[in-house]
Amino acid sequence: MPFYDYICPECKLELKDVLRKITENVSEKECPRCFSMMKQKVGKTSFKLNGTGWAKDNYSSTNKNK
């Protein structure tokens, strides 16, 4: 399940790293302070590929066509 950040346009409350199911509507969430609808913040992802076998551009220097 991915994490999302939300901000309330009314009271400016920010929620960080909210765990939501993929099947839920992730673009809006009810504000726990003022009960208006919070908007999902768009930002950088924390997704990162680590270890051997991964290349940033989908091409490895060892797997080039010859």
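Bear in mind these aren't lab numbers, they're just calculated from the coordinates by the rules spelled out. Quick caveat: nothing in here was measured; it's all calculated off a predicted structure. Quick reminder, even Gly has a Cβ in these numbers, built from the backbone with ideal geometry, and neighbours come from all protein chains shown.
Taking label points 7 Å from Cα along the Cα-to-Cβ direction, GLU28 and LYS16 give a separation of 2.7 nm. With the highest mean first, a sort of the peptides 16-24, 29-37, 4-12 on other beta-carbon atoms found within 10 angstrom per residue produces 4-12, 29-37, 16-24. Count charges around CYS31 for me, please; just the other residues with Cβ under 12 Å from its Cβ, Lys/Arg as +1, Asp/Glu as -1. It works out to a net charge of 0.
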